[in-house]
Amino acid sequence: MAGLTFVCSVGTGVLWNAIYFIAESEYGFKQSDTLLLAFVSGVFYTAVAVSAGWIVRALERHMTPRSALALVLIAQGLLAPLVLVFPGVGMLWIATVVMMSLGALQWPIVQHYLVSGRHGHAMRDAIGWFNASWMAATAISLAAVGPLKAAGLMSWAIPALLPVNLIALAFLMRFPPVPAFHDDGETARHVPPSYAPLLAASRVLHPMGYLVIGALAPILPYLFKDIGTDSSLQAPLGSIWHVARFAAVVVLWRAAFWHGRGTTLVVAGIMLAGGFAISVAAASEGMLALGLVGIGAGQGVIYYCAIYYGLAVGGAKVDAGGTHEALVGAGYFLGPLLGLATFTLGFGPSTFIGVVLGALAVGFVVAIARAGRASSHRTA
(Lines give C-alpha, C1' and ligand atoms only; values in the text may rest on other atoms or scores of the structure.)
Protein backbone atom coordinates (compact mmCIF):
# COMPACT_ATOMS: atom_id res chain seq x y z
CA MET A 1 0.00 0.00 0.00
CA ALA A 2 2.77 2.45 0.94
CA GLY A 3 4.55 1.79 -2.37
CA LEU A 4 1.46 2.44 -4.48
CA THR A 5 0.60 5.53 -2.46
CA PHE A 6 4.09 6.98 -2.79
CA VAL A 7 4.34 6.40 -6.54
CA CYS A 8 0.84 7.72 -7.29
CA SER A 9 1.52 10.78 -5.16
CA VAL A 10 4.48 11.74 -7.32
CA GLY A 11 1.88 12.41 -10.00
CA THR A 12 -0.35 14.24 -7.54
CA GLY A 13 2.55 16.50 -6.59
CA VAL A 14 3.23 17.34 -10.23
CA LEU A 15 -0.42 18.02 -11.07
CA TRP A 16 -1.44 19.93 -7.95
CA ASN A 17 1.72 21.89 -7.18
CA ALA A 18 4.52 21.70 -9.74
CA ILE A 19 2.08 22.38 -12.59
CA TYR A 20 2.04 26.11 -11.80
CA PHE A 21 5.82 26.40 -12.07
CA ILE A 22 5.65 24.40 -15.31
CA ALA A 23 2.83 26.56 -16.71
CA GLU A 24 4.64 29.80 -15.83
CA SER A 25 8.02 28.69 -17.16
CA GLU A 26 7.14 26.56 -20.20
CA TYR A 27 3.80 27.99 -21.34
CA GLY A 28 4.09 31.66 -20.37
CA PHE A 29 1.12 31.63 -17.98
CA LYS A 30 0.42 34.82 -16.10
CA GLN A 31 -0.80 34.85 -12.49
CA SER A 32 -4.46 35.07 -13.58
CA ASP A 33 -3.93 32.08 -15.92
CA THR A 34 -2.58 29.83 -13.19
CA LEU A 35 -5.41 30.87 -10.84
CA LEU A 36 -7.96 30.02 -13.55
CA LEU A 37 -6.34 26.62 -14.18
CA ALA A 38 -6.44 25.88 -10.46
CA PHE A 39 -10.08 26.98 -10.20
CA VAL A 40 -11.31 24.86 -13.12
CA SER A 41 -9.32 21.83 -12.00
CA GLY A 42 -10.73 22.15 -8.49
CA VAL A 43 -14.31 22.36 -9.76
CA PHE A 44 -13.96 19.20 -11.84
CA TYR A 45 -12.14 17.36 -9.06
CA THR A 46 -14.91 18.20 -6.60
CA ALA A 47 -17.66 17.11 -8.99
CA VAL A 48 -16.04 13.72 -9.59
CA ALA A 49 -15.18 13.19 -5.91
CA VAL A 50 -18.77 13.89 -4.81
CA SER A 51 -19.89 11.15 -7.19
CA ALA A 52 -17.01 8.76 -6.42
CA GLY A 53 -19.10 6.30 -4.41
CA TRP A 54 -21.77 6.07 -7.10
CA ILE A 55 -19.21 5.83 -9.93
CA VAL A 56 -17.20 3.08 -8.23
CA ARG A 57 -20.34 1.07 -7.45
CA ALA A 58 -21.39 1.38 -11.11
CA LEU A 59 -17.95 0.21 -12.25
CA GLU A 60 -18.07 -2.70 -9.80
CA ARG A 61 -20.98 -4.17 -11.77
CA HIS A 62 -18.44 -4.90 -14.50
CA MET A 63 -15.07 -5.10 -12.72
CA THR A 64 -13.38 -5.38 -9.35
CA PRO A 65 -12.21 -2.29 -7.41
CA ARG A 66 -8.64 -3.25 -8.28
CA SER A 67 -9.50 -3.25 -11.99
CA ALA A 68 -11.28 0.10 -11.64
CA LEU A 69 -8.18 1.59 -10.05
CA ALA A 70 -6.01 0.08 -12.80
CA LEU A 71 -8.26 1.68 -15.41
CA VAL A 72 -7.79 5.10 -13.77
CA LEU A 73 -3.99 4.70 -13.67
CA ILE A 74 -3.86 3.61 -17.32
CA ALA A 75 -6.02 6.55 -18.44
CA GLN A 76 -3.81 9.02 -16.55
CA GLY A 77 -0.66 7.43 -17.95
CA LEU A 78 -1.89 7.62 -21.55
CA LEU A 79 -2.85 11.28 -21.17
CA ALA A 80 0.51 12.34 -19.70
CA PRO A 81 2.71 12.24 -22.85
CA LEU A 82 0.10 14.02 -24.99
CA VAL A 83 1.41 17.38 -23.82
CA LEU A 84 4.54 16.63 -25.87
CA VAL A 85 2.76 14.94 -28.79
CA PHE A 86 0.38 17.89 -29.14
CA PRO A 87 2.30 20.83 -27.65
CA GLY A 88 0.28 23.88 -26.71
CA VAL A 89 -1.77 25.48 -23.98
CA GLY A 90 -4.96 23.67 -25.00
CA MET A 91 -3.47 20.21 -24.51
CA LEU A 92 -1.95 21.28 -21.20
CA TRP A 93 -5.40 22.31 -20.00
CA ILE A 94 -7.06 19.09 -21.15
CA ALA A 95 -4.39 16.79 -19.73
CA THR A 96 -4.18 18.63 -16.41
CA VAL A 97 -7.91 18.89 -15.74
CA VAL A 98 -8.74 15.32 -16.85
CA MET A 99 -5.82 13.74 -14.99
CA MET A 100 -6.68 15.65 -11.83
CA SER A 101 -10.34 14.63 -12.13
CA LEU A 102 -9.37 10.97 -12.45
CA GLY A 103 -7.48 11.40 -9.18
CA ALA A 104 -10.82 12.08 -7.52
CA LEU A 105 -11.70 8.43 -8.27
CA GLN A 106 -8.24 7.07 -7.60
CA TRP A 107 -7.85 8.21 -3.99
CA PRO A 108 -11.25 7.10 -2.60
CA ILE A 109 -10.55 3.60 -3.93
CA VAL A 110 -7.05 3.61 -2.41
CA GLN A 111 -8.47 4.80 0.93
CA HIS A 112 -11.12 2.05 0.73
CA TYR A 113 -8.34 -0.53 0.49
CA LEU A 114 -6.34 1.32 3.14
CA VAL A 115 -8.61 0.80 6.13
CA SER A 116 -11.00 -1.98 5.13
CA GLY A 117 -10.71 -4.74 7.71
CA ARG A 118 -8.58 -2.57 10.03
CA HIS A 119 -9.69 -1.13 13.35
CA GLY A 120 -8.14 0.63 16.31
CA HIS A 121 -4.34 0.67 16.32
CA ALA A 122 -4.10 -1.19 12.99
CA MET A 123 -6.25 1.44 11.28
CA ARG A 124 -4.31 4.32 12.83
CA ASP A 125 -1.00 2.80 11.77
CA ALA A 126 -2.23 2.29 8.21
CA ILE A 127 -3.43 5.91 7.98
CA GLY A 128 -0.06 7.06 9.34
CA TRP A 129 1.85 5.16 6.67
CA PHE A 130 -0.53 6.50 4.01
CA ASN A 131 -0.13 10.14 5.04
CA ALA A 132 3.64 9.93 5.42
CA SER A 133 3.98 8.17 2.05
CA TRP A 134 1.96 10.58 -0.05
CA MET A 135 3.21 13.75 1.63
CA ALA A 136 6.84 12.69 1.20
CA ALA A 137 6.19 12.02 -2.49
CA THR A 138 4.55 15.40 -3.17
CA ALA A 139 7.47 17.18 -1.49
CA ILE A 140 9.99 15.28 -3.61
CA SER A 141 8.09 15.81 -6.88
CA LEU A 142 7.87 19.57 -6.37
CA ALA A 143 11.50 19.87 -5.29
CA ALA A 144 12.56 17.88 -8.38
CA VAL A 145 11.20 20.61 -10.65
CA GLY A 146 14.23 22.76 -9.77
CA PRO A 147 16.82 20.32 -11.19
CA LEU A 148 14.59 19.70 -14.20
CA LYS A 149 14.44 23.44 -14.78
CA ALA A 150 18.22 23.76 -14.50
CA ALA A 151 18.68 20.89 -16.97
CA GLY A 152 16.16 22.31 -19.43
CA LEU A 153 13.87 19.31 -18.99
CA MET A 154 10.89 20.84 -17.19
CA SER A 155 8.61 20.12 -20.16
CA TRP A 156 9.13 16.38 -19.42
CA ALA A 157 7.68 16.58 -15.89
CA ILE A 158 4.14 15.70 -16.98
CA PRO A 159 5.06 13.04 -19.60
CA ALA A 160 7.19 11.36 -16.92
CA LEU A 161 3.94 10.36 -15.23
CA LEU A 162 3.48 7.59 -17.82
CA PRO A 163 6.32 5.43 -16.43
CA VAL A 164 5.36 6.52 -12.93
CA ASN A 165 1.85 5.11 -13.41
CA LEU A 166 3.26 1.91 -14.91
CA ILE A 167 5.25 1.42 -11.72
CA ALA A 168 2.07 2.09 -9.72
CA LEU A 169 0.31 -0.65 -11.72
CA ALA A 170 3.04 -3.10 -10.73
CA PHE A 171 2.34 -2.32 -7.06
CA LEU A 172 -1.41 -2.58 -7.68
CA MET A 173 -1.09 -6.15 -9.00
CA ARG A 174 -0.21 -7.23 -5.46
CA PHE A 175 -3.55 -5.96 -4.15
CA PRO A 176 -6.46 -8.38 -3.69
CA PRO A 177 -9.24 -7.96 -6.28
CA VAL A 178 -11.56 -6.57 -3.57
CA PRO A 179 -10.77 -4.90 -0.22
CA ALA A 180 -10.99 -6.91 2.99
CA PHE A 181 -14.34 -7.25 4.75
CA HIS A 182 -14.95 -4.38 7.17
CA ASP A 183 -16.88 -5.29 10.35
CA ASP A 184 -19.23 -2.43 11.28
CA GLY A 185 -19.58 -3.86 14.77
CA GLU A 186 -15.84 -3.52 15.33
CA THR A 187 -15.98 0.02 13.92
CA ALA A 188 -18.56 1.03 16.53
CA ARG A 189 -16.45 -0.49 19.31
CA HIS A 190 -13.36 1.51 18.37
CA VAL A 191 -15.04 4.85 17.61
CA PRO A 192 -15.93 6.90 20.74
CA PRO A 193 -18.79 9.46 20.70
CA SER A 194 -16.31 12.37 20.57
CA TYR A 195 -15.24 11.44 17.04
CA ALA A 196 -18.49 12.53 15.35
CA PRO A 197 -18.33 16.23 16.37
CA LEU A 198 -14.58 16.28 15.74
CA LEU A 199 -15.22 14.90 12.26
CA ALA A 200 -17.75 17.70 11.72
CA ALA A 201 -15.18 20.28 12.85
CA SER A 202 -12.45 18.71 10.71
CA ARG A 203 -14.67 18.82 7.66
CA VAL A 204 -15.07 22.57 8.10
CA LEU A 205 -11.33 23.21 8.45
CA HIS A 206 -10.30 20.61 5.85
CA PRO A 207 -11.44 22.68 2.82
CA MET A 208 -10.10 25.79 4.56
CA GLY A 209 -6.65 24.20 4.51
CA TYR A 210 -6.93 23.53 0.80
CA LEU A 211 -8.43 26.97 0.23
CA VAL A 212 -5.13 28.39 1.49
CA ILE A 213 -3.11 26.00 -0.69
CA GLY A 214 -5.37 26.67 -3.66
CA ALA A 215 -4.92 30.42 -3.19
CA LEU A 216 -1.18 30.25 -2.63
CA ALA A 217 0.12 27.53 -4.98
CA PRO A 218 -0.85 29.27 -8.28
CA ILE A 219 0.78 32.55 -7.22
CA LEU A 220 3.82 31.07 -5.45
CA PRO A 221 6.08 31.33 -8.54
CA TYR A 222 5.27 35.04 -8.72
CA LEU A 223 5.89 35.60 -5.00
CA PHE A 224 9.37 34.15 -5.47
CA LYS A 225 9.94 36.35 -8.52
CA ASP A 226 8.93 39.44 -6.54
CA ILE A 227 11.59 38.81 -3.91
CA GLY A 228 14.23 37.93 -6.50
CA THR A 229 14.60 34.17 -5.99
CA ASP A 230 16.51 32.38 -8.75
CA SER A 231 14.10 30.47 -11.00
CA SER A 232 15.87 27.13 -10.47
CA LEU A 233 15.42 27.48 -6.69
CA GLN A 234 11.76 28.50 -6.65
CA ALA A 235 10.19 25.03 -6.76
CA PRO A 236 12.62 23.46 -4.26
CA LEU A 237 12.03 26.34 -1.82
CA GLY A 238 8.32 26.07 -2.53
CA SER A 239 8.44 22.49 -1.29
CA ILE A 240 9.23 23.73 2.24
CA TRP A 241 5.59 23.61 3.21
CA HIS A 242 5.41 20.00 2.01
CA VAL A 243 8.36 19.08 4.21
CA ALA A 244 6.75 20.82 7.21
CA ARG A 245 3.49 18.99 6.51
CA PHE A 246 5.31 15.67 6.33
CA ALA A 247 7.00 16.33 9.69
CA ALA A 248 3.66 17.23 11.28
CA VAL A 249 1.91 14.05 10.12
CA VAL A 250 4.80 11.86 11.29
CA VAL A 251 4.39 13.35 14.79
CA LEU A 252 0.63 12.69 14.75
CA TRP A 253 1.17 9.19 13.39
CA ARG A 254 3.54 8.22 16.20
CA ALA A 255 1.68 10.01 19.03
CA ALA A 256 -1.79 9.56 20.53
CA PHE A 257 -2.15 12.73 22.63
CA TRP A 258 -4.36 14.40 20.01
CA HIS A 259 -6.99 11.68 19.65
CA GLY A 260 -10.39 13.06 20.60
CA ARG A 261 -9.07 16.57 21.39
CA GLY A 262 -10.55 19.64 19.72
CA THR A 263 -7.62 21.84 20.78
CA THR A 264 -5.48 20.10 18.15
CA LEU A 265 -7.66 21.59 15.41
CA VAL A 266 -7.63 25.03 17.05
CA VAL A 267 -3.83 25.17 17.11
CA ALA A 268 -3.65 23.89 13.52
CA GLY A 269 -6.09 26.56 12.32
CA ILE A 270 -4.01 29.32 13.92
CA MET A 271 -0.81 28.00 12.28
CA LEU A 272 -2.54 27.80 8.90
CA ALA A 273 -3.90 31.36 8.98
CA GLY A 274 -0.70 32.86 10.37
CA GLY A 275 1.43 31.03 7.84
CA PHE A 276 -0.66 32.28 4.94
CA ALA A 277 -0.52 35.91 6.10
CA ILE A 278 3.26 35.76 6.52
CA SER A 279 3.80 34.02 3.17
CA VAL A 280 1.80 36.41 1.03
CA ALA A 281 3.19 39.52 2.74
CA ALA A 282 6.82 38.26 2.87
CA ALA A 283 9.55 40.56 1.58
CA SER A 284 12.37 38.03 1.91
CA GLU A 285 13.01 34.35 1.33
CA GLY A 286 13.38 33.79 5.08
CA MET A 287 9.94 35.23 5.86
CA LEU A 288 8.35 33.33 3.00
CA ALA A 289 9.94 30.11 4.25
CA LEU A 290 8.62 30.78 7.76
CA GLY A 291 5.13 31.30 6.41
CA LEU A 292 5.31 28.12 4.35
CA VAL A 293 6.31 26.15 7.45
CA GLY A 294 3.21 27.45 9.26
CA ILE A 295 0.97 26.54 6.33
CA GLY A 296 2.47 23.07 6.01
CA ALA A 297 2.26 22.21 9.68
CA GLY A 298 -1.26 23.60 10.10
CA GLN A 299 -2.65 22.01 6.95
CA GLY A 300 -0.96 18.70 7.72
CA VAL A 301 -2.58 18.46 11.15
CA ILE A 302 -6.00 19.41 9.76
CA TYR A 303 -5.68 16.89 6.93
CA TYR A 304 -4.66 14.13 9.31
CA CYS A 305 -7.60 14.80 11.61
CA ALA A 306 -10.02 14.93 8.69
CA ILE A 307 -8.98 11.61 7.16
CA TYR A 308 -8.56 9.90 10.54
CA TYR A 309 -11.99 10.82 11.87
CA GLY A 310 -13.58 10.50 8.41
CA LEU A 311 -12.44 6.92 7.76
CA ALA A 312 -13.03 5.89 11.38
CA VAL A 313 -16.60 7.19 11.51
CA GLY A 314 -17.28 6.42 7.84
CA GLY A 315 -16.42 2.74 8.20
CA ALA A 316 -13.83 2.64 5.36
CA LYS A 317 -16.50 3.15 2.69
CA VAL A 318 -15.66 4.65 -0.72
CA ASP A 319 -18.24 7.36 0.05
CA ALA A 320 -16.20 8.45 3.08
CA GLY A 321 -13.10 8.81 0.90
CA GLY A 322 -15.16 10.55 -1.77
CA THR A 323 -16.44 13.12 0.72
CA HIS A 324 -12.91 13.66 2.00
CA GLU A 325 -11.59 14.26 -1.53
CA ALA A 326 -14.57 16.45 -2.46
CA LEU A 327 -13.63 18.78 0.39
CA VAL A 328 -10.07 18.83 -0.97
CA GLY A 329 -11.43 19.90 -4.34
CA ALA A 330 -13.76 22.49 -2.79
CA GLY A 331 -10.84 24.20 -1.10
CA TYR A 332 -8.76 23.97 -4.25
CA PHE A 333 -11.31 25.87 -6.33
CA LEU A 334 -12.45 28.34 -3.66
CA GLY A 335 -8.91 29.62 -3.05
CA PRO A 336 -8.20 30.45 -6.70
CA LEU A 337 -11.73 31.84 -7.07
CA LEU A 338 -11.06 34.35 -4.29
CA GLY A 339 -7.79 35.27 -5.98
CA LEU A 340 -9.39 35.69 -9.39
CA ALA A 341 -12.22 37.80 -7.98
CA THR A 342 -9.87 40.02 -5.98
CA PHE A 343 -7.41 40.71 -8.79
CA THR A 344 -10.09 40.99 -11.51
CA LEU A 345 -11.81 43.73 -9.50
CA GLY A 346 -8.55 45.63 -9.40
CA PHE A 347 -7.64 45.08 -5.76
CA GLY A 348 -4.09 44.35 -4.63
CA PRO A 349 -2.43 41.60 -2.60
CA SER A 350 -3.40 43.18 0.74
CA THR A 351 -7.08 42.83 -0.12
CA PHE A 352 -6.49 39.25 -1.23
CA ILE A 353 -4.86 38.46 2.12
CA GLY A 354 -7.82 40.01 3.94
CA VAL A 355 -10.40 38.11 1.90
CA VAL A 356 -8.72 34.74 2.48
CA LEU A 357 -8.19 35.43 6.19
CA GLY A 358 -11.82 36.49 6.48
CA ALA A 359 -12.94 33.19 4.95
CA LEU A 360 -10.65 31.33 7.33
CA ALA A 361 -12.03 33.24 10.31
CA VAL A 362 -15.60 32.24 9.47
CA GLY A 363 -14.61 28.60 9.02
CA PHE A 364 -12.58 28.70 12.21
CA VAL A 365 -15.52 29.94 14.30
CA VAL A 366 -17.82 27.25 12.90
CA ALA A 367 -15.20 24.54 13.48
CA ILE A 368 -14.59 25.62 17.09
CA ALA A 369 -18.32 25.51 17.78
CA ARG A 370 -18.50 21.97 16.43
CA ALA A 371 -15.35 20.77 18.17
CA GLY A 372 -16.60 22.21 21.47
CA ARG A 373 -19.23 19.52 21.61
CA ALA A 374 -16.59 16.80 21.71
CA SER A 375 -15.43 15.24 24.92
CA SER A 376 -11.78 15.81 25.74
CA HIS A 377 -10.90 12.27 26.75
CA ARG A 378 -8.07 10.55 24.91
CA THR A 379 -8.21 7.23 23.14
CA ALA A 380 -5.06 5.19 22.77
Fill in the blank from the handout: For Leu153 and Ala247, extending 7 Å from Cα along the Cα-Cβ vector and measuring point to point gives, in nm, a value of 3.0
Handout entry: Heavy-atom accessible surface of the range 1-146: percent carbon and sulfur, 1.4 Å
Key = 70
Problem - Packing-based ranking, highest mean first, of 156-167, 203-214 given that Cβ atoms within 10 Å are counted - result: 203-214, 156-167
Practice task
Count charges around Tyr210 for me, please; just the other residues with Cβ under 14 Å from its Cβ, Lys/Arg as +1, Asp/Glu as -1.
Solution key: +1
Fill in the blank from the handout: Treating every alpha carbon of the range 154-285 as one equal point scatterer without solvent, the Debye formula yields log10 I(q)/I(0) values at q = 0.10, 0.12, 0.18 Å⁻¹ of -0.57, -0.79, -1.17
Completion exercise
Residue-ordered couplings for the range 219-224, obtained by feeding phi - 60° into the Karplus form 6.51 cos²θ - 1.76 cosθ + 1.60 and rounding to whole Hz (Gly and Pro as x), are 9, 4, x, 7, 5, 5
Practice task
Whole Å is fine, so just give me how far the alpha carbon centre of the range 42-71 lies from that of the range 73-116.
Solution key: 13
Handout entry: Solvent-accessible heavy-atom area per residue, rounded to whole Å², over the chain at 1.4 Å
Key = 38
Completion exercise
Length gained if Thr351 through Ile167 is fully extended, taking 0.36 nm per residue and subtracting the Cα-Cα distance, is 61.8 nm
Fill in the blank from the handout: What the Cα atoms of the chain span along the principal axes, largest first and in whole Å, is 56, 45, 33
Exercise for the section: Could you pull out every whole DSSP H run in the chain that spans at least 24 Å of Cα extent along its own axis and averages -1.0 or higher on the Kyte-Doolittle scale? Expected result: 31-50, 89-115, 120-143, 195-216, 263-281, 285-314, 318-344, 349-371
Exercise for the section: Please give, to one decimal in nm, the separation of the simple spin-label points placed at Glu60 and Ala255, each 7 Å out from Cα toward the Cβ. Expected result: 3.7
Exercise for the section: Could you work out the local net charge near Tyr309, counting Lys and Arg as +1, Asp and Glu as -1, over the other residues with Cβ closer than 12 Å to its Cβ? Expected result: +4
Exercise for the section: Would you work out if the range 208-258 is rounded, prolate or oblate? Take a ≥ b ≥ c from the square roots of the eigenvalues of the alpha-carbon gyration tensor; rounded if a/c is under 1.5, else prolate when a/b is larger than b/c, oblate otherwise. Expected result: oblate
Completion exercise
Between the alpha carbon centres of the range 150-229 and the range 287-351 the gap in Å comes to 11
Exercise for the section: Output the Cα-based Rg and Dmax of the range 229-324 in Å, rounding Rg to one decimal and Dmax to a whole number. Expected result: 15.3, 47
Exercise for the section: Starting from the range 307-364, pick out the chymotrypsin sites (Phe, Trp or Tyr not before Pro) whose DSSP state is loop and whose Cβ has at most 15 other Cβ atoms within 10 Å. Expected result: Phe347
Completion exercise
Scoring only Lys, Arg, Asp and Glu (+1, +1, -1, -1) among other residues with Cβ under 11 Å from the Cβ of Ser231 yields 0
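The values are calculated or read from the model by the stated rules, or taken from the named source; none is laboratory data. Values in this document were obtained by computation on a predicted structure and should not be read as measured data. Because the Cβ atoms are built from the backbone with ideal geometry, glycine has one as well, and the counts that use them run over all protein chains shown. Keep in mind that these areas ignore ligands, DNA and RNA; they rest on the heavy atoms of the full protein, side chains included. Shrake-Rupley method; radii C 1.70, N 1.55, O 1.52, S 1.80 Å.
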